[in-house]
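The values are calculated or read from the model by the stated rules, or taken from the named source; none is laboratory data. Note that the structure is a prediction, hence the values are computed from the model and not measured. When we count neighbours, we look across all protein chains shown, and the Cβ atoms used for this are built from the backbone with ideal geometry, even at glycine.
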């Protein structure tokens, strides 16, 4: 799986703190969800990032592409990226909790679908104990959760290259904040900046303001 070169921007809420969830709107949106999840991680922290990838997820989406991962910030860390292959949900949750609580990593991203409310509370507490960030990367939006924010990611067709209409343009996605303890829900339409490799507001939407949940083409 190739991950586009993206980096955080002030358009979205601050970097992930504690536990968050990032859900792909569909199968084809998983690469965008993974890229957005990595962008959400605290880039100033020099500790490594741990990715706990389940067997089912790996069989459906493959392994992340190393150079693409380094371009979204994992290459800026002293120890880079640690990838752990886990057999099932229970093992993935255990690895995530232990890694978060240890304080040895800046963040843990795990492909877990069926975490209960109690289990997500444990992950939130573990993230606090280890001063780390945790993201559950999911195919579907789950039920009750202690996650501070829940995102739904939909990838979009690019506008096209500036100097060649036949060439693909920058990577674009809709990031919908469906649940948050701090901010009101809304949608950000974001695109890749070819010069800075940052996620920025889509040029044609800049200045529209943060809108209500359920609307499209909103920005902040």
Legend entry - One residue from 93, 109 being surrounded by 16 or more Cβ atoms within 10 Å (Cβ to Cβ), at pLDDT 85 or above, touching a helix residue (DSSP H, G or I) at 6+ places or on another chain (Cβ under 8 Å) and over 27 Å from residue 168 (Cβ atoms): 93
Legend entry - Residue in the stretch 155-162 that is within 19 Å of the chain's Cα centre (by Cα) and touching a residue at least 60 places away in the same chain (Cβ under 8 Å) present: yes
Legend entry - residue 100 being in contact with a strand residue (DSSP E or B) (Cβ under 6 Å, 6 or more places away or on another chain), assigned to a helix (DSSP H, G or I), within 20 Å of residue 38 (Cβ to Cβ) and without any contact (Cβ under 8 Å) to a residue 60 or more places away in the chain: yes
Inset, instruction - Identify, by number, the condition in (1) at pLDDT 90 or above; (2) over 15 Å from residue 137 (Cβ atoms) that residue 80 doesn't meet. - result: (1)
Inset, instruction - Within the stretch 169-179, identify whether any single residue is modelled with pLDDT of 80 or more, farther than 30 Å from residue 104 by Cβ, touching a helix residue (DSSP H, G or I) at 6+ places or on another chain (Cβ under 6 Å) and in a strand (DSSP E or B), and answer yes or no. - result: yes
